[in-house]
Amino acid sequence: MNLSLEGKTYVVMGVANKRSIAWGIAQSLSQAGARLIFTYGGERMEKNVRTLADSLEQEHSLVYPCDITDDAEIEKTFQQIKDEVGTIHGLAHCIAFANKEELDGDYLNTTRDGFMLAHNISSYSLTAVAKVIRELDLMREGGSIVTMTYLGGEKVVKNYNVMGVAKASLDASVRYLANDFGKENIRVNAISAGPMRTLSAKGIGGFNEVIKEMEEKAPLRRPVTQEEVGDTALFLMSDMARGITGELIHVDGGYNKVGL
Ligand code: NAD
């Protein structure tokens, strides 16, 4: 057993730019020899994703639109992926969204629409994609699904609010999906990353304080990097992690273990 992904194909969802966690994952998987397929949410992202995909040493870039709120588009995209490659061996789901005004102040101010939006994009989307993978029998050789979560789903984190509640739902989905998929030798896990300066993180109130707190209180006394999260995803995608499913692995410099 080793970390090589030679001869295997993975779908990476959620690259917005070079700071995206999905891009960190893509680089780790690519360095391990994986063939990658990218999906992006919305036309604004297309150019960035194509440029980044072309920068990898791949035969030819496969890049498709996939608005995660649109079941027909999810089906169309994954059908195209099936037509192109036949089988995939893993999926990295790195997608989340909530209204900026609801990521500041009291959680109590969450609106019904804001609650539904955050849950739809940040949690249900994993299940929606998983369903299509099953329907199309896309992971028929077994596989690994990895999603991105955050401590705010387990504990109260200032300003994370409705996104924390959506992450709790995502974390629970990981366990249920792991159980549904286990008999097909498909594993489902989440990485709980420490705070990183990405496009999405910019929307969260007081984000600079969160990074400062990591530097002062995390056992490693520093924020984690995109590469560290990417390498953990590589481990989870590889056969080295063949006994791990339904798990949430913290890549946060140990921050979640500190009590005071
Ligand atoms: P990012 O902004 O680079 O990525 C978020 C992605 O979600 C973007 O590519 C965006 O296009 C996509 N997205 C939003 N709505 C979509 C839709 N309707 N359809 C398809 N795609 C859509 O930010 P990121 O920090 O890399 O976020 C990736 C994941 O990591 C998210 O789940 C986030 O919650 C999680 N995470 C981030 C941090 C952090 O501090 N940055 C920490 C822990 C977990």
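The values are calculated or read from the model by the stated rules, or taken from the named source; none is laboratory data. A quick note: this is a predicted structure, and the numbers were derived from the prediction, not measured. Neighbour counts run over all protein chains shown; Cβ positions are idealised from the backbone, glycine included. Areas reflect the complete protein model, heavy atoms only, side chains present, ligands, DNA and RNA absent. Shrake-Rupley method; radii C 1.70, N 1.55, O 1.52, S 1.80 Å.
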(message) What whole-number distance in Å separates the alpha-carbon centres of the range 94-113 and the range 213-260?
(response) 25
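What number, rounded to the nearest 500 deg cm²/dmol, is the helix-based mean residue ellipticity at 222 nm of the chain, given -39500 (n - 2.57) per DSSP H run of at least four residues and division by all its residues?
Details: 9 runs with 105 residues, N = 260.
-12500 deg cm²/dmol, from helical runs alone.
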(request) Kindly count the pairs of lysines across the range 9-251 whose alpha carbons are less than 17 Å apart, treating pairs on different chains or eight or more residues apart as eligible. (result) 15
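Once a ≥ b ≥ c are taken as the square roots of the eigenvalues of the Cα gyration tensor of the range 102-260, is the result rounded (a/c under 1.5), prolate (a/b larger than b/c) or oblate (a/b not larger than b/c)? Please list the in-between numbers first.
Numbers: a/c = 2.37, a/b = 1.35, b/c = 1.75.
Since a/c reaches 1.5 but b/c is at least a/b, the shape of the range 102-260 is classed as oblate.
How large is the charge dipole for the chain, taken about the Cα centre, if only the Cβ atoms of Lys, Arg (+1) and Asp, Glu (-1) carry charge, to the nearest 20 debye?
Numbers: 28 positive and 35 negative charges, 107 e Å.
For the chain, the charge dipole is close to 520 debye.
Considering only the chain, what is the antiparallel percent among its DSSP beta bridges, to the nearest 5? Could you put the intermediate results ahead of the total?
On the way: 0 of 28 bridges.
Percent antiparallel among DSSP bridges in the chain is about 0.
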(request) Quick one, could you list the DSSP H helices from the chain stretching 27 Å or more along their long axis (Cα atoms) with average Kyte-Doolittle hydropathy of -0.5 or above? (result) 161-181
(request) Would you kindly find the accessible area of Leu3, with a 1.4 Å probe and non-protein molecules such as ligands, DNA and RNA excluded, rounding to the nearest 10 Å²? (result) 80
(request) When a/c is below 1.5 the answer is rounded, else prolate if a/b is larger than b/c, else oblate, so apply that to the range 79-140 with a ≥ b ≥ c taken from the square roots of the Cα gyration tensor eigenvalues. (result) prolate
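About the Cα centre of the range 107-260, what is the dipole size in debye to 20, counting +1 per Lys and Arg Cβ and -1 per Asp and Glu Cβ, all else neutral?
On the way: 18 positive and 18 negative charges, 68 e Å.
The dipole of the range 107-260 has a size of about 320 debye.
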(message) When 1/r is averaged over all different Cα pairs and the result inverted, which Kirkwood radius in Å belongs to the range 8-93?
(response) 12.8
